[in-house]
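A short worksheet on the structure shown next.
The values are calculated or read from the model by the stated rules, or taken from the named source; none is laboratory data. Just so you know, these numbers come straight off a predicted model, no measurement behind them. Here the Cβ positions follow ideal geometry from the backbone for every residue, glycine too, while neighbour counts run over all protein chains shown.
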Amino acid sequence: MDYIIVDGYNIIGASLELSALRDQNLEEARHQLQERLSEYSAYTGRKVIIVYDAHLTKGTAKKNRLNNIEICFTEHGVTADEYIEKTVVDIIRQANKVYVATSDALEQRLVFGKGALRLSARELLLDIKVVHEQIVDEISKSQQKQTRIKGVINQEIARVFEDWRRK
């Protein structure tokens, strides 16, 4: 299984839309990124781990799940970069490929030295956009097929099929 470990605040900062949202509502910017990465993970089959610095907060590390992604907040005093480096070492043996998504050049070099592949914030954001467009296209094609079928069969048979589908 392939993994993508994402430096959450780095990716938010690299997105014009998310960085503007962050300035208004940080929690909503994180939520939007998490939703997009959840969709991306479900479609690509890659396991996604998002890491956020616990900056401006005190406390212990916290892990959550949103659908199929893992969300990690570091403990106070631990940077996302430190957490990412440790996570790369922990999972590199069990994964086919481990990508780290960040535009931090130093972090890219460090994780590359540990065996992970680099993915810039721009590359990840573009990949998320492409995957979203593919999903929208597939849904559109699926809806067109359903419309064509409904035009071919009579209304009574369509109603029976719809009743079966709902059971």
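Structure notes:
- Residue among VAL88, VAL131, VAL160 that alone is in a helix (DSSP H, G or I) and surrounded by fewer than 15 Cβ atoms within 10 Å (Cβ to Cβ): VAL160
- Qualifying residue in region 99-108 (condition: surrounded by fewer than 16 Cβ atoms within 10 Å (Cβ to Cβ), farther than 19 Å from LYS129 by Cβ and not charged (D, E, K, R)): yes
- Among residues of region 138-150 that are under 14 Å from PHE161 (Cβ atoms) and at pLDDT below 70, those with a beta-carbon under 9 Å from a residue that is surrounded by 10 or more Cβ atoms within 10 Å (Cβ to Cβ) and of a type outside the set (Ser, Thr, Tyr) at least six positions away or on a different chain give the pairs ILE149/ALA158; ILE149/PHE161; LYS150/ALA158.
- Test for ILE84: is it modelled with pLDDT of 95 or more and of a type outside the set (S, T, N, Q): no
- Among residues of region 23-52, those that are surrounded by fewer than 18 Cβ atoms within 10 Å (Cβ to Cβ) and over 15 Å from LYS129 (Cβ atoms), counted: 10
- Test: residue in region 111-118 that is surrounded by 13 or more Cβ atoms within 10 Å (Cβ to Cβ), part of a loop (DSSP other than H, G, I, E, B) and either touching a Pro at 6+ places or on another chain (Cβ under 8 Å) or at pLDDT below 90 (or both): yes
- Here LYS63 clears all of (1) in contact (Cβ under 8 Å) with a residue 24 or more places away in the chain; (2) in contact with a Cys (Cβ under 7 Å, 6 or more places away or on another chain) except the condition numbered (1).
- Restricting ILE12, ILE84, ILE92, ILE69 to those that are free of Cβ contacts under 8 Å to residues at least 40 places away in the same chain and over 28 Å from VAL136 (Cα atoms) reduces the list to ILE92.
- Number of the exception - ALA20 against (1) surrounded by fewer than 13 Cβ atoms within 10 Å (Cβ to Cβ); (2) outside any helix (DSSP H, G or I); (3) of a type in the set (A, V, I, L, M, F, W, C): (2)
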